[in-house]
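We did not get these values from a lab; they are worked out from the coordinates using the rules stated. As the structure is a computational prediction, the values presented were derived from the model and not from experiment. We place every Cβ from the backbone using ideal geometry, glycine too, and count neighbours over all the protein chains shown.
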Amino acid sequence: MVSKVYPMRSHTVSAEGGAAAVMRPEDSYQTHAFDTIKGSDYLADQDVVEAFVREAPVEIVQMEHWGCPWSRDPDGKISVRPFGGMTTWRTVFAADKSGFHMLHTVFQTSLKYPQITRHDEAFVTKLLVEDSRCLGVVALDIRTGRFDAITAKSVILATGGLGRLYAFTTNGNICTGDGMALAYRAGAGLRDMEMVQFHPTGLPFTGILITEAVRGEGGYLLNNEGERFLKRYVPNKMELGPRDIISRAMTTEFEEGRGFEGPHGKYMHLDVRHLGEKVIDRKLPFMRELGRDYLGIDIVTDPIPVRPVQHYMMGGVDADISGATEIAGLYAAGECANVGLNGGNRLGSNSLAECLVFGAAAGRAAAEHAAAARPATANPVDAMLWDEARRVEGQYLEKKGGQERIGAIREEMQRDMDAGAGVFRTKEGLEKLVEQLGGLRERFERIKIEDTSRTFNTEIVAALELDFMLEVAQAVVVSALAREESRGAHARRDFPERDDTKYLKHTVAYRREGLRPQLEYRDVTITNFQPQARTY
Amino acid sequence: MSADAETHPAPRLYRWRMPANWWTRNRHYFLYVLREFTSLPLAIWLLWLLYDISETRLVQPTAFAVFSIVCLPFALYHSWTFLSLAGSIIHIKVLDRPVSPRLIVASQFALWIGGTLVIGLLLLWLAP
Amino acid sequence: MPDKRITIRATRYDPDKDQAPRLQSYDIPFYDESMVVLDALNYIKSNLDGSLSYRWSCRMGICGSCGMMVNGTPKLTCNAFLRDYWPRSITVQPLNNFPVIRDLVIDIEDFMHKLKSVKPWIIRKQEIPLGAGEHYQTNEMIDDFRQFSECINCMLCYAACPVYGLNNEFLGPAATALARRYNLDSRDQGLKERQPIVGDAEGIWECSFVGECSVVCPKGVDPAKAIQQTKLDTTMRFVLPYGNRD
C-alpha cells in the first residue's frame, strides 16, 4: 500500500453521514437502484448500479464484523437513517463520524495481515506503463527524497477526489486528484469530469462539512425571510432533496437577495433547535463540537450558517464494474474512479458504500489479474525509474531561477475554478477558464522552489500536486464546455434543460500533449429504468 | 528498487531530550511532582512514629508535634488528590447504568471524613 | 481599520545543514478573526517562505496530522485560534518527545509500532459467518467503549506525557486507550492476547497518572482514565479468579 500520508489521515476520515445499503425488509434492491439512477439524472450505468445495491449490505456486515461501531436500534440491529434522495431509510451510520470509524476499522484490521506492506509518505509521481500494460509505480519517498520503483502486476488507484482545485471545498489538503492525473498521463480516459458535486451545507470561510444527516434528522434550511424555501424547488422531499438541486436552489435564492450577508459571503440558516439537546447529542455530537470549535455557536440554541461548497467528484478514471481501466493491470476504485455508479449527481451516503463495494471488487479483480500475469522485467523498469527521477529532480529540486510562487498560482486557479466551474456555468465563463488555466500552466513552468532540502521537502510535493491539479482541471473544464445541457450537478445557464437525445452519454477525456483533451462519448447503459423528468 | 539509494541515507533525526527542569514549565506538571513528593515527608513521619513506638514513648514531643503540623498539609494534599481521582479509576455499573464519577468521588471523601471522625473519637476516648 | 499583524516563530531544522533546530520569526497579517495557527503556517509557506515543512490535511480536527507545540502546549494547529494569543507572538515547535525529521515534522514510527502491538482488531475464538448478519450490540454497549474509540492518533498525549518523554519504551496513552476500546467491545474476545503488551512493566504499570494526556486530548478520549481503569481491571482479574471471563 503506497500512500502520500499515513493511512489514518486519508480524507475518508472526515466523512460524516453514513453508508447506504438495503438493510430492512421494507426496502428493496430495486428502490435503492432507482433512487440512485434518478439521483444521477439518468447518467448512471444501470447494470453497475444494480450490482452495487446487491453488494452494499454484504460489505456493511463485513465492516461490522471487523469492529466498525455502527449505531444500533434498541433490538441490537444496525440502525438506518433517512438521507437526501433516498425514498426510504437506508443509510447506516456510526454516530456522525461514519467515515472516521470506517477508516480506522479498516486500517486497524489491516494491521493484522503481515502480507500487507506499507510505504507511508511515499508520493507516486508516475505510473510505469509499457505496451498499455501497467508495471508498477515510481514513488518519491518524502522523508528521504529518494525515488523508488515499486513494481507490481496490478495497481489499484484509490486516491480520492480533487476538491483542492476549488477555493471553497470540504476536502482536505491532500485531495488533489493525483490518481486521476496519473492515469490520464498514462493514457487512460477520465469519464464525466464535468460532474462536480457541490454539497449544500458547508460552513462559511473554512468550508468544513456539515453533514447531510443534520437534514436527515429533521433540520430545516431557512432563507433570510425565515422561509423553508425548498418548498418552491423540491416540495415533496424538502431538505432531503438531492444535493445538486438544493445547491442550485440556495444559489438562486442568494442571487435573488434572500440570503444572509456575512463577512465570508452569503449563507442560509440550517436550524436544528427543534430537535432538542438529547437527539443532537446522540445523533449529531460531532456537529455540535464543530459549531462550538469553529464558530463559537451551540447548535442546540443557534442556527448554523451554511452555503454550497465543493465536496465530491462524480467524474474520475474511466473504469468498469470491477474497477478495470483500459490499461491492463491498472484498476481504480472509490472517488478517483468513475465506474458509472453516480452519473451526474451522487446521492449522499452512496459514496462510503461505493468505497466498500468497488474497493472490494477492484481488490478481487486486481488479485486475479496478478495471479495470472507475468512479472515485469527489470530493464525497462530501471530505465523508467531513472528517467522519472531525473525529470522530477531537474524540474523541481535542481531548479534555478523562476519567479512564480506555487501558492499564488494555486490560489488563483482555485478562485478561477470557483467562478468558472461552480454550481452554475456558462460558455463564456468556461472558455475564459480554459484560457486562465493555460496561463497558469505557463506560469507553473516558471515556479520558484525555495526548499532545496532532500529531507521531507513539502514544497516539491506541493509543486507536484499543483502539476496534477492543473492537468485534471483542464479535463473538467473542457468536458463541461462540451456538454451543452444541464444534467445532474452540471448546470449551464445557457442550456438549462436536460437533452437526452444528444447527451444521454458519458464524456471520456483523453490527454493530448499541448492541446485540449480529446473527448469521446459513450452511451449510458440502460436496463430497467427509462429516463424520466427528474422532480422531487 | 531505488534510484541512488546510496546517496540518500536516512536523514539525521534530531533526538529530543527532556530538559531537567521539565516539571517547572507547566502548572500541571509541578502539581504532579508535588503530589508524588508528598510521599517523602509522609514516609519520614511514619519512620519517626515507628521509632517512638519502639521506644514506647514520645522521645521529643515538641519536635514531633511541630514536624507533624508541617507534614499535615502534605498528607491532606496527598489524600485529596488520590481520592479526587477515584472517579476516573473506579467504573462500576448499578442496574446496567454506569455510576457517575462525581458520586464515586463523593463516596470516597465521605468514607475519608467518616473514617477520620471514627478514629479521632476513638483516640479521644482512649486518651488518659 | 489598521491591519493587524502577528509574529509566528517556527522551528526550522534541515539535517543536511543544521546541527540542531532553531527558531525563525515571521511577521504575518492577521486578516480574519477565525484564523488558526495552521492558516498562519499556510500563509508563510504560500507567501513568505516555501521551505517551511509541516503536516496537515483535513483542517477540521479529525485527521490528526497537524499536532504541534503551540507556545509550549501540544495542540492541533487547525484548532488553535490566533485571537487567543494575539497580540503576543506564537511559537510553533514540533511535538515534544519525538525525534524531529525536519522543521515541524516528527518521526512517528515508534507510535505506529505501538499501535500495532496492542492488536487493535476484533479477536474472536470463533468468527461468525457473514451470512449470519451483524453481532448483537446495543448503543449502550457501544457507550462502554465509545469514548476510547474517538482517538484520531494525533499524538498530543504522547507529547504531553513526561513519562514517555523520559522513557520511550512506555506504551503510552493512545495505544492503551485503543487496547481498552477493543477489550470493552462486546464483540471482542482478545483481552488475554493483549495482556502481555498492555500489562507489561512498560505498559500500564509505567504510568504514574500525571494526567496531562487527558488534559491535552482534543477529542475527549481521556486516555488517563483508560490506563487507570485497565490497572484496576488487571489487578482484579489477578486477585479474583472468577473475574476471568473473556
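Quick notes on this structure:
- The stretch B:106-122 and the stretch A:38-90: distance between their alpha carbon centers, rounded to Å: 58
- Averaging the sequence gap over all C-alpha pairs within less than 8 Å and six or more residues apart, then dividing by the number of residues, gives the stretch A:176-244 a relative contact order of 26 percent.
- Cross-link reach is defined here as a Cα-Cα straight distance under 22 Å, omitting same-chain residues fewer than 8 places apart; for A:LYS4 the lysines meeting it are A:LYS112, A:LYS126, A:LYS153, C:LYS45, C:LYS114, C:LYS116.
- Using the average count of surrounding beta-carbon atoms within 10 Å as a protection proxy, the listed peptides C:221-228, A:510-517, C:12-19 rank, highest first, as C:221-228, C:12-19, A:510-517.
- Computed over the stretch C:109-243: relative contact order in percent, which uses C-alpha pairs under 8 Å that are six or more apart: 30
- Each residue in C:GLU109, A:GLU393, A:GLU520 was given a count of other beta-carbon atoms within 10 angstrom of its own, and listing them fewest first yields C:GLU109, A:GLU520, A:GLU393.
- Whether the stretch A:204-306 is rounded, prolate or oblate, judged on the alpha carbon gyration tensor where a/c under 1.5 counts as rounded: oblate
- Within the shell defined by Cβ-Cβ distances under 12 Å, the residues around A:ILE526 carry a net charge of -4, with Lys and Arg each +1 and Asp and Glu each -1.
- Highest average packing first - A:156-167, B:12-23, A:200-211, Cβ atoms within 10 Å: A:156-167, A:200-211, B:12-23
- Listed residue (C:CYS157, A:ILE246, A:GLY276) projecting farthest to the positive dipole end of the protein assembly as shown, Cβ model: C:CYS157
- Rounded, prolate or oblate (a/c below 1.5 giving rounded, otherwise prolate when a/b exceeds b/c) for chain C by Cα gyration tensor: prolate
- Modelled FRET efficiency - R0 25 Å, C:ASN139 with A:ARG273, Cβ distances, 0.05 increments: 0.60
- Summarising the label geometry, the points placed 7 Å from Cα in the beta-carbon direction at A:GLU225 and C:PHE238 lie 7.2 nm from one another.
- Residues whose amide H lies under 5 Å from that of A:MET313, counting only those 5 or more places away or on a different chain, are A:LEU162, A:GLN197; hydrogens are built 1.01 Å from N in the peptide plane.
- Per-residue ellipticity at 222 nm from helix content only, as computed over chain A with -39500 (n - 2.57) for each DSSP H run of at least four residues, stands at -11000 deg cm²/dmol.
- Inter-chain Cβ neighbour count for C:130-137, averaged per residue, equals 6 (cutoff 10 Å, partner chain atoms only).
- Förster radius 56 Å - calculated FRET efficiency between A:THR535 and C:HIS113, Cβ distance, rounded to 0.05: 0.50
- Protection proxy ranking of A:274-280, C:145-151, B:60-66, A:287-293, by the mean of other Cβ atoms within 10 Å over each peptide's residues and highest first, is C:145-151, A:287-293, A:274-280, B:60-66.
- Taking amide H as placed 1.01 Å from N in the peptide plane, the amide H of A:LEU157 sits under 5 Å from that of A:TYR331, A:ALA332, A:ALA333, each at least 5 places away or on another chain.
- Relative contact order (percent, whole number), chain A, Cα cutoff 8 Å, 6+ residue spacing: 22
- Mean ellipticity per residue at 222 nm, deg cm²/dmol - from DSSP H runs of n ≥ 4 across chain C, formula -39500 (n - 2.57): -8500 deg cm²/dmol
- Take each residue of peptide A:3-9, count the partner chain Cβ atoms within 10 Å of its Cβ, and average: the result is 5.
- Using the Cβ-Cβ distance between B:LEU76 and C:TRP205 with R0 set to 25 Å, the FRET efficiency works out to roughly 0.35.
- The Kirkwood hydrodynamic radius of the protein assembly as shown, based on inverse pair distances between different Cα atoms, is 29.6 Å.
- Pairs with C-alpha atoms separated by more than 21 Å, drawn from the list A:LYS266/C:LYS4; A:LYS97/A:LYS278; A:LYS77/C:LYS231, are A:LYS266/C:LYS4; A:LYS77/C:LYS231.
- Shape call, chain B: gyration tensor on alpha carbons, a/c limit 1.5: oblate
- If you take all other residues with their beta carbon under 14 Å from the beta carbon of A:ASN236, and give Lys and Arg +1 and Asp and Glu -1, the sum is +4.
- Residue order, fewest to most surrounding Cβ atoms within 10 angstrom, among A:ILE174, A:ILE246: A:ILE174, A:ILE246
- Measuring against 29 Å, Cα to Cα, the residue pairs A:LYS400/C:LYS17; A:LYS237/A:LYS432; B:LYS93/C:LYS219; A:LYS231/A:LYS283; B:LYS93/C:LYS75 contain A:LYS237/A:LYS432; B:LYS93/C:LYS75 as the ones spanning a longer distance.
- Here the 3J(HN,Hα) profile of the stretch A:96-101, calculated from phi with Karplus coefficients 6.51, -1.76 and 1.60 at θ = phi - 60°, is 10, 9, 4, x, 4, 5 Hz, Gly and Pro shown as x.
- Extent along principal axes [Cα atoms of chain A; Å; largest to smallest]: 65, 50, 48
- Order of C:PHE98, A:PHE52, C:PHE209 under a 10 Å beta carbon neighbour criterion, fewest first: C:PHE209, C:PHE98, A:PHE52
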